[in-house]
Every structure is written in C-alpha cells, then in structure tokens.
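Below is one structure, written out as structure tokens; the observations come after it.
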Amino acid sequence: MLLHLADWPEERITLETMSKHTSFLRFLVLSSVLLSSVSYGSAGITSSFVRSEWPSIDIPLDNEVFAIPKGYNAPEQVHITQGDYDGKAVIISWVTPKESGPNKLQYGTSEKQYNFSAEGTTTNYTFYNYKSGYIHHCLVDGLEYDTKYYYKIGTGDSAREFWFQTPPKIDPDASYTFGIIGDMGQTYNSLSTLEHYMQSGGQTLLFVGDLSYADRYENNDVGIRWDSWGRFIERSAAYQPWIWTVGNHEIEYMPKMGEVRPFRNYLTRYVTPFAASKSTSPLWYSIRRASAHIIVLSSYSPFVTYTLQWRWLKEELTKVDREKTPWLIVLMHSPLYNSNVKHFMEGESMRAAFESWFVQYKVDLIFAGHVHAYERSYRFSNIHYNVSSGDRYPIFDKSAPVYITVGDGGNQEGLAVSFRDPQPDYAAFREASYGHSTLELKNRTHALYHWNRNDDGKKVPTDSVVFLNQYWASNLQRRRKLKKTNRRIATYL
C-alpha cells in the first residue's frame, strides 16, 4: 500500500511517484549518496572522511586571482545583487581606484548594443589610514523577467562588459537553482569552492555571511584585503546576484585602530534592497525570486522582543504568500542548531526568539554559516520547553524547518573538525570539509538539494536530499486542489 506523499519524510519517495519521472530517477541513480529510507529520529551520520587539507592561508596578493583590470581607472570588484522585492531590478556595484569617473552604466538585451542607461551613486571612505577607491552603486530597474541583459561600465579602453540573467516571473512552479556558500575568505580552499560553484548551474548565490576575513589583518591591510576579495569574487558575482547576509567577521570593531563603527567596510561596499521589504536596516531584509520567498536576518543586530528586527520579521512573515512563492527560506549567520564543538549554542538566543514563528509559518529551510563544517538536520523543534516545564530536548516536528550549516567556504581559520558525541537526534548528516551547496527548486512541491565536498580540488557530491515543500506537499487538501487546477504538480523540468 502506498502512503500519501505527506506521510513520508524528505528522504523517502514512493515507487509510484518515481516511475512517473525519469529525470528524478536519473538523479537518484547518479547521486553518489543514496537517499535514506530511515524515519525521522533515526540515527544520523557523522562522516568519517578526513581530507588532506590544502593550506588554510590567504592567497598572496600578487596571484592572478586578484588581478587588477587593465586600463587606467578601470572598473573592478564588479558585483550584483537583487535590487527590488520581486526580481525585476538589480543593483550593480563597482569600484574605480584612481578617480570617481562616470557613475553611469549602459545596458541592453543584445551583446554590444546598449540601448539603455542608468545612473548610480558614488562614495568613498577611509578606514584607519586606508583610503578606498570610488565605490559606485547603480540601480537598474524595470527589467523583464527571464531575460539576458548585457551591461557596460567605464569608458574608452578601460570599459568592461558583463551580463546577467533575470529570474522567471514569480510563480509557484517556477524552477530555479540557488547556490549556498558561507565563510568564504580568500584562500586556496576558497578558490576551490568558488570554481566548483561556478560549474554547478547555480543561478543566484545565497551567501550566509563572513565574506573577506579582512578583519584578521591590521591597519591598512584591512581595506586592501576587502579590495582583493572584491576582485576575487567578480568572476561570479558580476554575472549573477549574490544575496548578502552579514556575519561576525563583518563587524570589524577595532578600537586600537580608532575604528568602532560596526560593519563599516561591509555596509559601504555591499548594498541590499532592504527598503523594498520595508526594513529599516540593510542587515535584514527579504526578496522574492522565482518560486522562493527568502528572508535574510542579522545574527549580530538586536532581535529580542520589540526590537526593530523582531518587529520587521513578525510583519514580514504575514506577507509570505505560499500560493505564489511556496518555498520559504531563511538565511542567517549563526546556526540555531549546531552539534559541532565550535560555536555550540551560540544561536540559542535567536532560536528562543524566533523558532516558534518558523514552525508556525512552516519555513522550509534555514541556511547558516559560522561553523566551519557542514551539517544538515532533520525536522525538529524545541518550542515547548521553558524553565519550568515542557520537553527538555528537541523533538521531531513535521512543521519545523530543516537547518543546514554551510560555513565551509574555505577561509583561513580552517575547519571545525570536532563534533559533539554522541550525535544528537536532530543531526542527520555532518562532515568537517570545505564545500558548497545547491538547491534546485523543481516546482511547488519538490526540491533537490546537494552538498558538494571539495576533495583536494575535486568536486565530490556527498549529501543529497529530496525536500518536500512544507506548504504544498504536506497538506492533502491543498494537494487535491492543486491536482484539479494544475496538472504540473509532479512535473520535473
């Protein structure tokens, strides 16, 4: 007897469903990790893999990965992010090192034919005795969905050309692939992660904090390492949006250098469309893209009851329309659930503040970084505990999110190799290796998730899961309604 799809955890799938979808079968056959058939709460896996680690040192500044573009005052450190709430705008940012130059860019839908232009803003700043180049941010809006745009910045021999692809229109069955990386830095391991991600087919990167690790330097070298990281990521970030989350390494509170304003380098260089989601801070905001509603939170800004971030999140969750954007994803830096010895329980205060909301609104996935290892949870929650009663430990909860830690981007601090023993029930898979993840949203009910290990420079698919959407696939009545109104319920593109 076949069970209803809603009765099965993510790792299970019925033979009836499998037989209908050859692409899904192909995924199962090719995946290096067979999808588990164990029930929630069964013993998870701690990988025994031990990598022969590449040096966790920053790449020298004279390496070609940090090459300065040719031409006088040529634009560099080019990167884009989403510029509005619904994906019809981008913010394109770049730096001109010598002088301000024009703050305009040209763009169009045909290569070398730029029929439109947009004008942005320009700023610069000092950090200790370092003086930045001229930082440009340009909003390009009114774009068409699912369209390739070419853009040109700079003038004369110093001009540079790039392109980007807008997402499909907001639709519950819009297929889309996100990459997820955290705690990257600028080491040889970081380069391996970035190069592997660029081969993954990811269309937009969800970055869960800790960007350049420039705060590990002092004096003028802090700003210099922000510049080098901007050139480092340009190979990807100039061609697709990177959705930014702030981490602890962006705080940069350095009183010995006279620098006491938090997030100063980060906020000046990397902008977000926070106003579009009625946020009061660029450190927390939300966007909608394809079939996903993505909420970005700040682990290092006030979030307890009645603070600005608390009020904003409470209101934003009521705006989520799962009929249009069924996939509800939350990004933060410090994980709420973490069974690594490193940073254990650091996310507990935010968990206590927000976990009940995440369960109430059936958040699908929560991605975090901070811990320099990989970990995926089952669907568990700890919302019933208080100081006098309730369950003392996390328990299985089908309405809870899956928590995924991807703080394994490659930075110079190295891996967090020690996990707590015994492995807690909520931990499904964990491994101390560098890598990146991809999340392929297939339609309103199914998504394919992969975590790929960097094994001495080689991409190795290591953890693969089929996720069922919390809103659509878990509710039989909604699935019956969907079957009547949309025959694509189980179509894999």
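The values are calculated or read from the model by the stated rules, or taken from the named source; none is laboratory data. Because the structure is a prediction, the values reported are computed rather than measured. Reconstructed Cβ throughout: ideal geometry from the backbone, glycine too, with neighbour counts over all protein chains shown. Only protein heavy atoms, including side chains, enter the accessible area calculation; ligands, DNA and RNA are left aside. Shrake-Rupley method; radii C 1.70, N 1.55, O 1.52, S 1.80 Å.
Can you pull out the chymotrypsin sites (Phe, Trp or Tyr not before Pro) in region 58-117 that DSSP calls coil and that have at most 16 other Cβ atoms within 10 Å?
Numbers: sites: PHE66, TYR72, TYR85, TRP94, TYR107, TYR114, PHE116; in loops: TYR72, TYR85, TYR114.
In loop regions of region 58-117 (DSSP not H, G, I, E or B), the sparsely surrounded chymotrypsin sites (Phe, Trp or Tyr not before Pro) are TYR72.
Rounded to the nearest 500, what is the chain's calculated 222 nm mean residue ellipticity when only DSSP H runs of at least 4 contribute -39500 (n - 2.57) each, over all residues?
Working: 8 runs with 85 residues, N = 493.
Here the helix-only value at 222 nm equals -5000 deg cm²/dmol.
Report, to the nearest whole %, how much of the accessible area of the chain belongs to carbon and sulfur atoms, 1.4 Å probe, protein only. Write down the numbers at each step before the final one.
Working: 10300 of 20350 Å².
Here carbon and sulfur together make up 51 percent of the probe-accessible area.
Give me the Kirkwood hydrodynamic radius of region 241-310, using the inverse of the mean 1/r over all pairs of distinct Cα atoms, in Å to one decimal.
Numbers: mean 1/r = 0.0753 Å⁻¹.
Radius from the Kirkwood sum: 13.3 Å.
Students often get this wrong, so check it: of LYS112/LYS169; LYS169/LYS314; LYS362/LYS398, which have C-alpha atoms separated by over 20 Å?
On the way: LYS112/LYS169 26 Å; LYS169/LYS314 26 Å; LYS362/LYS398 9 Å.
Check vs 20 Å cut-off fails for LYS112/LYS169; LYS169/LYS314.
Please sort by residue number the GluC sites (Glu not before Pro) in region 90-158 whose DSSP state is loop and whose Cβ has at most 16 other Cβ atoms within 10 Å.
Here the sparse-neighbourhood loop sites are GLU99, GLU111, GLU144.
Over the C-alpha atoms of region 147-209, what are the Rg and the largest Cα-to-Cα span, Dmax, in Å?
According to the Cα coordinates of region 147-209, Rg and Dmax are 15.3, 45 Å.
Between ILE57 and LYS70, 0.36 nm times their residue separation minus their Cα-Cα distance comes to what?
Working: separation 13, 0.36 × 13 = 4.68 nm, distance 2.71 nm.
So the chain would gain 2.0 nm between ILE57 and LYS70.
Whole angstrom only: what separates the Cα centroid of region 177-199 from the Cα centroid of region 220-276?
17 Å
In whole angstrom, note down how far apart the Cα centers of region 395-446 and region 66-145 are.
If you average the Cα positions of each part, the centres end up 34 Å apart.
Working out 0.36 nm times the residue gap between LYS314 and ARG261, then minus their Cα-Cα distance, what length gain in nm do you get to one decimal?
Full-extension gain reported as 16.3 nm.
How far is helix 188-198 tilted, in degrees, relative to the longest principal axis of the Cα atoms in the chain, given as a value from 0 to 90 rounded to the nearest 10?
70 degrees
Would you mind calculating the gained length between TYR239 and PHE49 on full extension (0.36 nm times residue separation, minus the Cα-Cα distance), in nm to one decimal?
Values: separation 190, 0.36 × 190 = 68.40 nm, distance 3.40 nm.
Length gained between TYR239 and PHE49: 65.0 nm.
Using the Cα atoms of the chain, I'd like the radius of gyration and the largest Cα-Cα distance, Dmax, both in angstrom.
Just the Cα atoms of the chain yield Rg and Dmax of 22.2, 71 Å.
Accessible area per residue for region 337-440 in Å², computed with a 1.4 Å probe and the full protein assembly in place, what is it? Walk me through the numbers before you get to the answer.
Details: 3830 Å² over 104 residues.
On a per-residue basis, 37 Å².
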